[in-house]
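For reference, the structure is listed below as structure tokens.
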Amino acid sequence: MALDALPVEHIGTITAATNDVERPMVKGGPWGTKMVATVTAATFVGPKVNASMVPGVAGGDWVTLRPDRTFSLDVRLSLRTDDGADIYISYVGIGGADDDGNTVIRTSPRFETGDERYTWLNSLVCIAIGSTDDNGVTYEVYAVTATPE
């Protein structure tokens, strides 16, 4: 049975600062122009989690600018919760400009942790809708909560 809407639960907001470091670009490659956006700060905040990037830990967004004026991304972040659990987040996605010129990004975050307090994150199937601003990017993250009967 097809769904009229995807049942989801908002699990949090990811923010990432990516605009305060130079972005190296490899132009004209065979699969598009590559750009590396270093993540200098990040948070993941929701009803059950409050995490941020540990200073000095690498994080990045490997972006491919495509000929159709869209871009694909491959992001890796390591965050630590306010109660000491380490969580690895990775996601791929597609972005581009909407009809008003605003950047819209769609991704599929995956979470990994060994901390028993947060293992519920490991089995989630998530989608996220992102946008950019002067500091970087913000994503609203949703977990798919049910399957069709």
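Since every read-out is calculated from the coordinates, none of them should be taken as a lab result. Just so we're clear, the structure is a prediction, and the values are computed from it rather than from any experiment. Every residue, glycine among them, receives a Cβ derived from its backbone with ideal geometry; neighbour counts consider all protein chains shown.
Could you compute the FRET efficiency for Val54 and Asp4, with r as their C-beta to C-beta distance and R0 at 41 Å, rounded to 0.05?
With R0 = 41 Å, the Cβ-Cβ based efficiency is 0.45.
Pull out a ≥ b ≥ c, the square roots of the eigenvalues of the alpha-carbon gyration tensor of the chain, then state rounded if a/c is under 1.5, prolate if not and a/b is larger than b/c, and oblate in the remaining case.
oblate
Taking a point 7 angstrom from the Cα of Val144 along the C-beta vector, which residues in region 102-137 have backbone N less than 14 Å away?
Of the residues in region 102-137, 107-110, 123-128 have backbone N under 14 Å from the label point off Val144.
How far, in nm, would the chain grow between Thr13 and Val125 when pulled straight, counting 0.36 nm per residue and subtracting the alpha carbon separation?
Result: 38.8 nm gained on full extension.
Find the relative contact order for region 5-149 and round it to a whole percent, using C-alpha pairs within less than 8 Å whose residues are 6+ positions apart.
The value is 23 percent.
Give the peptides 106-117, 89-100 in descending order of average Cβ contacts within 10 Å, highest first.
106-117, 89-100
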